[in-house]
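Just below is one structure, and these are the notes that go with it.
The values are calculated or read from the model by the stated rules, or taken from the named source; none is laboratory data. On a predicted model such as this, the values are computed, not experimentally measured, just so you know. Here the Cβ is made from the backbone with ideal geometry for all residues, glycine too, and neighbour counts use every protein chain on show. The area values use the complete protein model at the heavy-atom level, side chains included, leaving out ligands, DNA and RNA. Shrake-Rupley method; radii C 1.70, N 1.55, O 1.52, S 1.80 Å.
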Amino acid sequence: MKIYLNDSLRFIQKLTIGRLWNAGLVFSSYYLTRWLKRPIQWGLPITISMEPTTACNLRCPECPSGLRSFTRETGNLREDFFRKTLDELHQRLMVLIFYFQGEPYINPKFLEMVRYAHEKGVYTITSTNGHFLNEENARKTIESGLDRLVISVDGTTQYTYAQYRIEGKLETVLQGARNVVKWRKKLGKKHPHIIFQFLVVRPNEHQIPEIFRLAKEIGVDEVKLKSAQVYDYENGNPLIPLQDKYARYRQQSDGTWKVKHALANHCWKLWHACVITWDGLVVPCCFDKDATHRLGDLRASSFKQLWQSPAYDAFRRKLLKGRDQIDICTNCTEGCSPYRS
């Protein structure tokens with residue numbers, strides 16, 4: 001695994017005794033849980049994802065935001081609610097991810113919330129489709145103190161890019177990346193750490209070498225290749241890559257397709273992280289995109305109360321008994337052995 005020194009040092013500088021102590025509690029309770037096979041939860045989350053908005057400008061075919069298929073309400077995260085929540089958690093929280101569904105930059109208060117988290121000493125990350133990184137937003141992104149910026153670039157030509165990022169404009173995204181690189185240099189900063197995330201699907205897998213070249217040319221720090229989750233995979237799907245190492249699914253002898261990883265009945269995510277929707281619902285992880293497993297509502301209780309609540313305890317117990325019985329777990333690679341025969 002490649003180490004990026006500037007990014008690593010920036011994260012280390014944000015560590016405190018309180019955060020390290022909390023991380024120790026979370027790690028020890030997780031491994032004790034695996035040993036005893038019953039849920040033990042100490043400490044508070046190390047990582048939290050907060051959803052700036054459910055709105056998005058694109059129409060990606062495997063995304064509930066893009067498909068407009070949510071049953072939950074659409075809206076923007078309110079700044080006052082965000083501050084109240086972060087005030088409760090920041091002394092123990094290491095990482096705050098400003099992303100769940102939707103395009104974060106659509107929320108007009110997004111970068112102000114990033115700045116607030118930065119002032120609280122929390123390491124901040126966001127993921128964007130890159131269409132809003134104009135000169136002004138690029139400069140404000142640097143000034144906000146954002147630590148890591150993930151830009152989705154799922155193709156190196158407009159035709160290939162638009163196979164998945166429907167209604168997207170590749171040149172707009174690439175120019176947005178150039179704007180951030182330029183303003184980072186102009187302001188004399190080393191942050192944010194800029195990542196091109198390449199979602200590997202069949203239409204773009206032949207362009208993997210090219211995305212690395214393009215990132216280097218622009219001045220992007222890192223490229224991450226991500227396997228694609230598809231919902232309708234049992235009978236095959238034109239998005240599943242032909243190269244097995246980039247696919248989450250494998251064809252069986254009877255012609256059907258299955259997730260190729262074997263589920264294990266434990267999950268690190270459920271112990272160290274969670275997701276908070278724009279309107280305050282707490283759900284287990286990023287796979288619960290429509291918030292069907294609602295473990296609490298921050299409009300009705302504090303985070304500490306619901307983190308140790310009967311609902312959370314019941315979900316952890318259910319997971320330990322069999323992840324294959326939980327719908328959002330069956331298409332996930334977290335805590336899985338490499339291959340299923």
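Using a probe radius of 1.4 angstrom, the carbon and sulfur fraction of the accessible surface of the chain is 54%. Charge tally around ARG38: other residues with Cβ under 11 Å, Lys/Arg +1 each, Asp/Glu -1 each, net +4.
Quick check: from the Cα gyration tensor, does segment 114-272 come out rounded (a/c under 1.5), prolate or oblate?
On the way: a/c = 2.72, a/b = 1.57, b/c = 1.73.
It is oblate, given that a/c is not under 1.5 and a/b is not larger than b/c.
With protein chains left intact and a 1.4 Å probe, residues in the chain average 46 Å² of accessible area per residue.
Measuring only protein heavy atoms, the 1.4 Å probe finds LEU5 accessible over about 110 Å².
Give me the number: length gained by fully extending ASN57 to ASP324, i.e. 0.36 nm times residue separation minus the C-alpha to C-alpha distance, one decimal in nm. Walk me through the intermediate numbers first.
Values: separation 267, 0.36 × 267 = 96.12 nm, distance 3.39 nm.
Using 0.36 nm per residue and subtracting the Cα-Cα distance, I get 92.7 nm.
Computed 3J(HN,Hα) for segment 247-257, one whole-Hz value per residue from the Karplus formula 6.51 cos²θ - 1.76 cosθ + 1.60 where θ = phi - 60°, is 9, 7, 10, 9, 6, 8, 5, 8, x, 7, 10, glycine and proline marked x. Computed log10 I(q)/I(0) for segment 246-341 at 0.16 Å⁻¹: -0.70, from the Debye equation with unit scatterers placed on every C-alpha and solvent omitted. Placing a label point 7 Å from the Cα of LYS182 along the Cα-to-Cβ direction, the residues of segment 136-168 with a backbone N closer than 12 Å are 136-139.
If packing is taken as the average count of other Cβ atoms within 10 Å, what order do 127-134, 79-86 fall into, highest mean first? Please list the in-between numbers first.
Values: 127-134: 21.5, 79-86: 16.1.
The peptides rank, most packed first, as 127-134, 79-86.
The Cα center of segment 136-158 and the Cα center of segment 226-250 differ in position by 27 Å. Here each label is just a point 7 Å from Cα along the line to Cβ, and for LYS109 and GLU234 those points are 4.3 nm apart.
Tell me which of THR128, THR141, VAL114 sits at the most positive position along the dipole axis of segment 99-148, charges placed on C-beta atoms (Lys, Arg +1; Asp, Glu -1). Of the candidates, VAL114 comes out farthest on the positive side.
Computed from the Kirkwood radius of its Cα pairs, the Stokes-Einstein diffusion coefficient for segment 1-56 at 25 °C and 0.890 mPa s stands at 176 µm²/s. Considering only alpha-carbon pairs that sit under 8 angstrom and 6 or more positions apart, the relative contact order computed for segment 225-329 is 18 percent. Across segment 4-10, coupling constants 3J(HN,Hα) worked out from phi with the 6.51/-1.76/1.60 Karplus curve, θ = phi - 60°, read 9, 4, 4, 5, 5, 5, 5 Hz, and Gly and Pro carry x. Here the Karplus relation 6.51 cos²θ - 1.76 cosθ + 1.60, evaluated at θ = phi - 60°, turns the backbone of segment 71-81 into coupling constants of 9, 7, 5, 9, x, 10, 4, 7, 5, 5, 5 Hz, with x for every Gly and Pro.
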